[in-house]
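One structure is given here, and the rest of the page talks about it.
FYI, it's all coordinate maths here, none of it is from the lab. Everything numeric in this text was worked out from a predicted model, so none of it was measured. Glycine also receives a Cβ, built like all others from the backbone with ideal geometry; neighbour counts cover every protein chain displayed.
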Amino acid sequence: MLADLPDFNRIEKLHRAASPSEDAYNLIHCHCVVIATISWMLARHQNKLLAFKQLNLNNDFADFADFDDFDDFENLADFADKSQADVEQIMLRQMSKINENLKNRCDLAKSCLKKLIDANPLELPKVSGGIAPKAYVDEYAAFAGGLLHDIGTYFVLAKDGSKAADGKLEFDGPNYILHGLRGYNYLIDNGFSEDIAQFARNHTGVGLTREQVALQNLPLPAGDYIPRTVEQEIVMVADKYNSKSIPPRFLTVDTYRRKAARFGEENAKRWMCLVNKYGRVSVCKLADFFGLKVD
C-alpha cells in the first residue's frame, strides 16, 4: 500500500491552480477524470480476480453462507449473473481478512469517484478478462494517480485557451513529451510525495526505456520512464483508452494497438500483453457514459 497519498480535494484544487484558462481546465481535467475512472475500474477488477482466486484455491466459502447458492460458484466467471453489489461485498470481505487498511482505501476510492462523476461507480461497465495479481491493488492510489497523471500538460500548451491566445487551445507538439516530467516536477515542488509524482513521470506510451529515449532522440533527460508499481502501470494502461484531442475521444484496444505499432511492433505487443493482464474496458459503453465518441 502506497504511503502519503493526497486528499481528493487537494488534487482538485491543484488542477484549478495549474490551469491557465477554463478551456484548458475543461479539456485536461476532464481527461484526468476519465482516466481516474478507468484506473479505478481496472484496479477494482484486479482485486475481484484475486479475491475469487484465493477463495477458490482455499475453498474458503464459509463466510459467504448468506449468499444464495454460493456453493455452486467456484470463480469470478461463475458470478456473471450476480449483481455488482454482491460481487463487491464478497471481494471486500475477503480483502478485509488480509488487509483492513487496504479495504478502507477501497471504500475511500469508491466514495471519491462517486463524488467526481456524480454516479454510482458500481453501475459503470464491467471489465472483462484479465489475470489475478499476486497482491491486492491500492485502489485509492490508482484513482488519485489517474486524476493527477496529466497535470503536466497544463505546461506544454502552445496556445492556452486564454484571452491572450484568442481563446485558442493547442498543445506544443515538439515539447509535448515533456509533460510527464514537468508534471512530476510540479507535484514535487508542491509538496507531493515521490509515490504520487511518479504517476506523472511514468505513464507515457507503454513505458519509455532509456534506450527508446536515445533512439528516438526525445528531449528528455536520459533515464527509464516506466511504471514502478502496479498502480502506476494501471494508470498508464487506463490512459491509452482516452485522448485529449479536441474534442476528446475514446480509443478501442485495436485503435491503440495500431497507434503503438507506429513506434515498433514490440510496442504493439507490449500493449496487448497489458490488455491481457488487466482485462478489456467496455470502451463504447464508457464513451456513452461520458458523452464522447470512439475512434
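In segment 8-294, a dipole from Cβ-located charges (positive for Lys and Arg, negative for Asp and Glu) runs towards its positive end, and of LEU251, GLY161, ILE90 it is GLY161 whose Cα lies farthest in that direction.
Taking each of LYS126/LYS240; LYS163/LYS240; LYS110/LYS293 in turn, the alpha-carbon distance tops 21 angstrom for LYS163/LYS240; LYS110/LYS293. Phi angles of segment 232-237 translate, via the Karplus equation with coefficients 6.51, -1.76, 1.60 and θ = phi - 60°, into HN-Hα couplings of 5, 5, 4, 5, 4, 5 Hz per residue; Gly and Pro are given as x.
Since only ALA197, CYS32, SER19 are under comparison, the one whose Cα sits farthest along the positive direction of the charge dipole of segment 8-294, derived from C-beta charges on Lys, Arg, Asp and Glu, is SER19.
Counting other Cβ atoms within 10 Å, keep those with at most 12, restrict to DSSP loop, and tell me which trypsin sites (Lys or Arg not before Pro) in segment 186-295 are left.
Answer in residue order: ARG262.
Phi-derived couplings, Karplus 6.51 cos²θ - 1.76 cosθ + 1.60 at θ = phi - 60°, listed residue by residue for segment 222-230: 4, x, 8, 10, 10, x, 10, 9, 5 Hz, with x used for Gly and Pro. From its DSSP helices (H runs of at least four residues, each -39,500 (n - 2.57)), the chain gives a residue-normalised ellipticity at 222 nm of -17000 deg cm²/dmol.
Against the longest alpha carbon principal axis of the chain, how many degrees, from 0 to 90 and to the nearest 10, is the axis of helix 22-58 turned? Orientation of helix 22-58: about 30 degrees from the principal axis.
Roughly how many debye, to the nearest 20, is the charge dipole of the chain about its Cα centre, given +1 on each Lys and Arg Cβ, -1 on each Asp and Glu Cβ, and no other charges?
With Lys and Arg at +1 and Asp and Glu at -1, about 1000 debye.
Here segment 117-166 is assigned +1 on the Cβ of each Lys and Arg and -1 on the Cβ of each Asp and Glu. Its dipole about the Cα centre then comes out at about 160 debye. Which percent of the Cα-Cα distances in the chain go past 36 Å? Within the chain, distances greater than 36 Å cover 16 percent of Cα pairs. Amide H contacts of VAL294 (H built 1.01 Å from N, in plane; Pro and chain starts excluded): PHE250 sit under 5 Å, all sequence-distant by 5 or more or on other chains. Comparing Cα centroids, segment 249-265 and segment 120-183 end up 17 angstrom apart. Label positions at ALA158 and ALA119, each projected 7 Å from the Cα along the C-beta direction, are separated by 3.4 nm.
Projecting the Cα positions of ASN175, ALA135, VAL237 onto the charge dipole of the chain (unit charges on Cβ atoms of Lys, Arg, Asp and Glu, taken about the Cα centre) puts ASN175 furthest along the positive direction.
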